[in-house]
Amino acid sequence: MSTIRRINNVSCQWPSRPNGLIEIIGGSYISIKPEITYKRLISSFLQRNFAVHSWSYVPNFDHQLQANQAWKQFRQSKKVLEKRVGLIPKSIRLGHSLGCKLHLLAPDGGRNCDGLVAISFNNFKADKSIPMLGRMSQRLNLQTEFSPSPNETFNLIREHYEQINNLLIKFKNDNLDQNNILLKLLKSRRSDKSDIMRLNGNHLTPVSVGLREKLLKTNSQNASKYEKIDQIVERTTNWDI
């Protein structure tokens, strides 16, 4: 495993001569230590000689602010990497769950990357994402919603997101996934090349192996989950974009 360098909130892991760069934003509350919870995913990219930058964050209600912060810090980290190894031939953004939304809201509209991998995208209202919030807001007569709201998010994607290369990954047993809606929206744009990849698994398939290894302090193999992660990595690193 390569040495982990911290640049702001970005965990950076670099091969000596990377073939490309993967910028990862994970899901809510499991991305405080993405180098642990996405350990297998990151390791698989490193084995294929891709540098990996993963953003650490705690979600809040202002998703646009967090999208801007992630984009800015990824940009700074990429500059440090390129100063070390030269220009990166391929740069791919990868999001899981809420991380997909944050990448889609990046202020450059996806122009400064070669493509986006969106795993288990979801864009629910705050009271569905945080059930207790719905009960409290009703009791206290509060109006609480993410910014941008789900409808505003879809409008922003439609009007401002420019990246045409998008690989959406949907798991069979994932009731939180909204990639079918996202695919329809992306396909409505001119010249769009978005595609969807369907795999067996659930919403936590990309993270549960690394999470289990940390919590249970075990390296027990889970061949099925490893296989799904390796399929994602293989498709991403061999993506003809």
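Looking only at segment 24-41, count how many residues are touching a residue at least 60 places away in the same chain (Cβ under 8 Å) and open to solvent by less than 10 Å² (accessible area, probe 1.4 Å).
7
Hey, can you tell me all the residues within segment 42-62 that are of a type in the set (G, A, S) and either at pLDDT below 95 or surrounded by fewer than 24 Cβ atoms within 10 Å (Cβ to Cβ) (or both)?
Within segment 42-62, the subset of a type in the set (G, A, S) is 43-44, 51, 54, 56.
Those that are of a type in the set (G, A, S) and either at pLDDT below 95 or surrounded by fewer than 24 Cβ atoms within 10 Å (Cβ to Cβ) (or both): S43, S44, S56.
So how many residues does segment 8-22 have that are farther than 16 Å from I229 by Cα, open to solvent by less than 30 Å² (accessible area, probe 1.4 Å) and touching a residue at least 60 places away in the same chain (Cβ under 8 Å)? Write out each step before concluding.
Of all residues in segment 8-22, those farther than 16 Å from I229 by Cα come to 8-21.
Filter again for open to solvent by less than 30 Å² (accessible area, probe 1.4 Å), leaving 10-15, 18, 20-21.
Narrowing the set further to residues that are touching a residue at least 60 places away in the same chain (Cβ under 8 Å) leaves 10, 12, 14, 18, 20-21.
Qualifying residue count, segment 8-22: 6.
Under 6 Å between Cβ atoms, which residue pairs at least 6 apart in sequence (or on different chains) link something in segment 94-105 that is closer than 16 Å to L21 by Cβ and open to solvent by 10 Å² or more (accessible area, probe 1.4 Å) with a partner that is in a helix (DSSP H, G or I) and acidic (D, E)?
Partner pairs satisfying both residue conditions: none exist.
State whether one or more residues within segment 63-83 are of a type outside the set (G, A, S), open to solvent by less than 30 Å² (accessible area, probe 1.4 Å) and more than 27 Å from E145 (Cα to Cα).
Yes, segment 63-83 contains at least one residue that is of a type outside the set (G, A, S), open to solvent by less than 30 Å² (accessible area, probe 1.4 Å) and more than 27 Å from E145 (Cα to Cα).
List pairs: first in segment 167-188 and under 18 Å from T153 (Cβ atoms), second in a strand (DSSP E or B) and open to solvent by less than 20 Å² (accessible area, probe 1.4 Å), Cβ under 7 Å, 6+ apart or cross-chain?
Pairs that qualify, where the first residue is under 18 Å from T153 (Cβ atoms) and the partner is in a strand (DSSP E or B) and open to solvent by less than 20 Å² (accessible area, probe 1.4 Å), are L168/A118; D177/F171; N179/A118; N179/L168; L182/A118; L182/L168; L183/L168; L186/N166.
Exactly one condition in (1) in contact with a Gly (Cβ under 8 Å, 6 or more places away or on another chain); (2) touching a residue at least 24 places away in the same chain (Cβ under 8 Å) is false for S44; which is it?
Every listed condition holds for S44 apart from (1).
Just the residues that are open to solvent by 60 Å² or more (accessible area, probe 1.4 Å), in a helix (DSSP H, G or I) and modelled with pLDDT of 75 or more, please, taken from segment 115-162.
N151, E152, N155, R158, E159, H160 - these are the residues of segment 115-162 that are open to solvent by 60 Å² or more (accessible area, probe 1.4 Å), in a helix (DSSP H, G or I) and modelled with pLDDT of 75 or more.
Every residue in segment 184-208 that is in a loop (DSSP other than H, G, I, E, B) and open to solvent by less than 20 Å² (accessible area, probe 1.4 Å), please. Spell out the reasoning first.
First, the residues of segment 184-208 that are in a loop (DSSP other than H, G, I, E, B): 188-194, 203-207.
Answer for segment 184-208, where residues must be in a loop (DSSP other than H, G, I, E, B) and open to solvent by less than 20 Å² (accessible area, probe 1.4 Å): S194, T205, P206, V207.
The values are calculated or read from the model by the stated rules, or taken from the named source; none is laboratory data. This is a predicted model, so every value here is computed, not measured. Neighbour counts run over all protein chains shown; Cβ positions are idealised from the backbone, glycine included. Surface accessibility is based on the protein's heavy atoms, side chains included, excluding ligands, DNA and RNA. Shrake-Rupley method; radii C 1.70, N 1.55, O 1.52, S 1.80 Å.
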